[in-house]
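**Student:** Could you have a look at this structure, given as structure tokens, before my questions?
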Amino acid sequence: MAWAPVSASAIHTGFTLRTQTFHPAFDARSSLVRTMGREVKVSMKTLVTLIDIACGRPIPVEDSGRARRLLLTLLAMLFALGFAALWGLAAGSQSTALAIANAYKVPMVILTSCLFAAPAGFLTWRLFNAPVRGSDLALSFVSSIFGGTLVLVVLAPLVALYYHSSAWAGPMLGIGSAALALLVGSVNFVRGVSRRLPEGTKRSSVMVPVMVTA
């Protein structure tokens, strides 16, 4: 008795009156798209959370754990370095070599400034026994940098436009955007640390560590 070969792409079952066709490649692509969609959704949620923290809003309950705060601190720094690189590209867009140089020099300046300021700030925090957790201080510090570089990346298109259209307006706008980012970052740092103090604690108790770190 000879058996007829069964096609892998068309299988008839007892639960349906028609042939069902299975496409493994299509299923794999659909699974990949769904996975990428979930990753994008999680990334956007994290970005919104970082923006809320930079604006001084309370940390969500699901993000209040120590490990989660440290993760948010790391992500805020990575986003900040990316925003700084985009601003550097815009400021040097008149020249390819200058744009490439700015793309890594501007983030490096911000990163080295943080690395030099953080040890002094945390040492002062320990010496003055400031009534705020170290992870909260770190998150407030890095989220303030995130907020400042967010200002830079928002103004980056205008910086690029005026660098191409005006010989004096472009540099002035570039300097102005950097000054505004510094001001926003400083205000956000002070506000972020102040809002994470225990109730009844004076703000002056953390001003020295904040001033040293900033």
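Bear in mind that the values in this text are calculations on the coordinates, not laboratory data. Since this is a predicted model, take the numbers as computed values, not measurements. Quick reminder, even Gly has a Cβ in these numbers, built from the backbone with ideal geometry, and neighbours come from all protein chains shown.
**Student:** Ranked from highest to lowest mean number of other Cβ atoms within 10 Å per residue, what is the order of the peptides 101-112, 69-80?
**Tutor:** On the way: 101-112: 16.6, 69-80: 19.3.
Highest-to-lowest ranking by the protection proxy: 69-80, 101-112.
**Student:** Could you calculate the contour length gain from ARG66 to ALA101, that is, 0.36 nm times the residue separation minus the distance between their Cα atoms, to one decimal place in nm? Provide the component values of the computation, followed by the final result.
**Tutor:** Working: separation 35, 0.36 × 35 = 12.60 nm, distance 3.67 nm.
Roughly 8.9 nm would be gained on extension.
**Student:** Can you give me the three principal axis dimensions of the range 115-188 from its C-alpha atoms, in Å, biggest first?
**Tutor:** 52, 18, 17
**Student:** Please identify the chymotrypsin sites (Phe, Trp or Tyr not before Pro) of the range 106-188 that satisfy two criteria: DSSP loop assignment and at most 16 other Cβ atoms within 10 Å. Which are they?
**Tutor:** Values: sites: PHE116, PHE122, TRP125, PHE128, PHE141, PHE146, TYR162, TYR163, TRP168; in loops: PHE128, TRP168.
Here the chymotrypsin sites (Phe, Trp or Tyr not before Pro) that fit, given the DSSP loop and packing criteria, are PHE128, TRP168.
**Student:** When the distances between all Cα atoms of the range 40-213 are binned every 5 Å from zero, what whole-number percent does each bin get?
**Tutor:** Per 5 Å bin, starting at 0, the Cα pair percentages come out as 1, 9, 16, 20, 18, 14, 10, 7, 4, 2, 0.
**Student:** A further question on this structure: Just to verify a number: FRET efficiency for LEU158 and ASN129, C-beta to C-beta distance, R0 = 35 Å, to 0.05? Write out the running numbers ahead of the final one.
**Tutor:** Details: r = 45 Å, r/R0 = 1.28.
Result of the calculation: an efficiency of 0.20.
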